[in-house]
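Undergrad: Below you'll find the structure I mean.
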Amino acid sequence: MSGAVETLRVELADRGYDILVGPGLIAAAGAHILPLMRRKQAVVVTDETVAATHLEPLVAGLGAAGIAHHPIVLPPGEGTKDLAHFGRLVDDVLACTIERGTMLVALGGGVVGDICGFAAATLLRGIDFVQVPTTLLAQVDSSVGGKTAINTAAGKNLLGAFYQPRLVLADSGALATLPRRELLAGYAETVKYGLIADAGFFNWLEAESGRVCGLEPAALNRAVITSCRMKAEIVAADERETGDARALLNFGHTFGHALEAETGFGDALLHGEAVALGMVLAFDFAVRLGICSGQDATRVRRHVAAMDLPTELGAIGLASKADALLAHMGKDKKVRDGKITLILPRRIGDAYVMRDAGAEDLRAFLAEAA
Ligand code: NAD
Ligand code: GLY
């Protein structure tokens, strides 16, 4: 894959860092990481699927840069983000005789990034880490911004920390091996940025989605860079989601998490697929409340459907599950004083935080939204 590497910056004072986007970054990771190292030792955390194609070039580059390296390969899938795997991971990292100057390198999708980031946040009370995201979802969302977490018996992402990486290397070439279903799920998160704050970007995605998801270098890089730039600006403004800025990134996610919970957080419905349907539901609910026009909702539904992403509860077996979905929404991390927070659109490119969505309105909406 050809094209130039572009650099963006997450401006967070002494915790600021670069995001590099473009081809060849996995093989060149050693050279990019070396200047950030206090000790020339890296522990690379990845999963079996990613290791099969992308670990060798990464470790070759670390070796060429004179960096000692130890790979740790986890099983793929959301099930890896649990306490048992976390316990084994930190034991395995400690067995590499690390020091505070050791760098953890997360090579993989959001699962590897989240568990490795949380390990970095807690090992020796915090060691440096680098994100090398290999899914589109991880490149446009999870690798940037410092949210790290694992799941517990009580729910998803409930044990974690805000902990920023030192560098993000988003290698566009990595996406060539990604299954199309995973690519489209990640694409849903790029659509999210257009819908919350950039109507022009959404217009562009509607026109160019074929080239983006066909991995044409110029289109793909523009989609990833536009998404990362928006995320970097939002994170710089509201790192710990104490205001409304970062909360906007949860657009489609309150509905989406409920859908994922009800389908068991697995292959039945991928995170990005749940977000896609969640965004459609958010538009439909906003139309019902008289906040947003039906034309905008129709346009969003049409684009989501065109990308082979789900637009109907019935299509994923969740028709007539209103009570169960509402119960999941009531357990969302964003619930305050028992009130459900929703991110709702006023129009394409303009979303806001509604702190007190009415449970009865939501129940009636979900019951009818089959
Ligand atoms: P994932 O990490 O499970 O990756 C999806 C699948 O693709 C896995 O089977 C993986 O092995 C495989 N894969 C990864 N890269 C590949 C490649 N280049 N070629 C072939 N196969 C590849 O899932 P994901 O969608 O990347 O991330 C989902 C996770 O991210 C969830 O746990 C979610 O909670 C988390 N997340 C975190 C944040 C955050 O801000 N921290 C944001 C969004 C999502
Ligand atoms: N994915 C939402 C956030 O990073 O805040």
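The values are calculated or read from the model by the stated rules, or taken from the named source; none is laboratory data. The shown structure was predicted, so the numbers you read here are calculated from the model rather than taken from an experiment. Because the Cβ atoms are built from the backbone with ideal geometry, glycine has one as well, and the counts that use them run over all protein chains shown. SASA here: full protein model, heavy atoms, side chains in, ligands and nucleic acids out. Shrake-Rupley method; radii C 1.70, N 1.55, O 1.52, S 1.80 Å.
Undergrad: Short version: ³J(HN,Hα) in whole Hz for each residue of the stretch 132-146, in order, from phi by Karplus 6.51 cos²θ - 1.76 cosθ + 1.60 (θ = phi - 60°), x for Gly and Pro, what are they?
TA: Per residue, the Karplus-derived 3J(HN,Hα) values read 10, x, 10, 10, 5, 4, 5, 5, 9, 9, 5, 7, 10, x, x Hz.
Undergrad: Would you grab the residues whose amide H sits under 5 Å from the one on N157? Only those 5+ places off in sequence or on another chain, please, with H modelled 1.01 Å from N.
TA: Amide H neighbours of N157, under 5 Å, 5+ apart: N151, T152.
Undergrad: If amide H atoms are built 1.01 Å from N in the plane of the peptide, which residues on other chains or at least 5 residues away come under 5 Å of the amide H of L167?
TA: Q131
Undergrad: Here's a follow-up. Relative to the Cα centre, what is the charge dipole magnitude of the chain, using +1 at the beta carbon of each Lys and Arg, -1 at the beta carbon of each Asp and Glu, and rounding to the nearest 20 debye? Could you put the intermediate results ahead of the total?
TA: Values: 35 positive and 43 negative charges, 116 e Å.
Dipole magnitude for the chain comes out near 560 debye.
Undergrad: Next question. Looking at this model, which pairs from K192/K231; K156/K331; K81/K192 are more than 19 angstrom apart at the alpha-carbon? Working shown, then result.
TA: Numbers: K192/K231 11 Å; K156/K331 10 Å; K81/K192 24 Å.
Violating the 19 Å limit, Cα to Cα: K81/K192.
Undergrad: Let me ask you something else. What dipole magnitude, in Debye to the nearest 20, does the stretch 1-132 give about its Cα centre under +1 on Lys/Arg Cβ and -1 on Asp/Glu Cβ?
TA: Dipole of the stretch 1-132, to the nearest 20 debye: 420 debye.
Undergrad: Normalising by the residue count of the chain, find the relative contact order in percent from Cα pairs under 8 Å and 6+ residues apart. It would help to have the intermediate numbers written out before the result.
TA: Details: 720 pairs, mean separation 53.9, N = 370.
For the chain, the relative contact order is 15 percent.
Undergrad: Any idea of the accessible area per residue across the chain, 1.4 Å probe, to the nearest Å²? Please report the intermediate quantities before stating the final value.
TA: On the way: 14090 Å² over 370 residues.
Value returned for the chain: 38 Å² of accessible area per residue.
Undergrad: Separate question: Along the Cα-to-Cβ line of R38, 7 Å from the Cα, sits a label point; which residues in the stretch 51-68 have backbone N less than 18 Å from it?
TA: From the stretch 51-68, the list is 68.
Undergrad: Counting only DSSP beta bridges with both residues in the chain, what percent are antiparallel, rounded to the nearest 5? Can you show the working numbers first?
TA: Details: 17 of 41 bridges.
In the chain, DSSP labels about 40 percent of beta bridges as antiparallel.
Undergrad: Would you work out the relative contact order for the stretch 236-319, in percent, from Cα pairs under 8 angstrom that are 6 or more residues apart?
TA: Values: 86 pairs, mean separation 19.9, N = 84.
Dividing the mean separation by the residue count of the stretch 236-319 yields 24 percent.
Undergrad: What full-extension length gain, to one decimal in nm, is calculated for E6 and A161 as 0.36 nm per residue of separation minus the Cα-Cα distance? Show your work: numbers first, answer last.
TA: Details: separation 155, 0.36 × 155 = 55.80 nm, distance 2.84 nm.
Difference between extended and current length: 53.0 nm.
Undergrad: Using helices alone, what [θ] at 222 nm do you get for the chain, with -39,500 (n - 2.57) per DSSP H run of 4 or more residues, divided over all residues and rounded to the nearest 500?
TA: Mean residue ellipticity at 222 nm (helix-derived): -13000 deg cm²/dmol.
Undergrad: Report the longest stretch of the chain that contains none of the GluC sites (Glu not before Pro) sitting in a DSSP loop with at most 16 other Cβ atoms within 10 Å. Before the final figure, lay out each step's value.
TA: Numbers: sites that count: E11, E99, E312.
The longest uninterrupted stretch comes out as 100-311.
Undergrad: Which percent of the accessible area of the chain is formed by carbon and sulfur heavy atoms (probe 1.4 angstrom)? Each step should come with its number before you reach the end.
TA: Values: 7320 of 14090 Å².
Roughly 52 percent, rounded to a whole number.
Undergrad: Hey, another quick one. Express the relative contact order of the stretch 152-254 as a whole percentage, based on alpha carbon pairs under 8 Å and six or more residues apart in sequence. Display every interim value, and only then the final one.
TA: On the way: 52 pairs, mean separation 23.8, N = 103.
Once normalised by length, the contact order is 23 percent.
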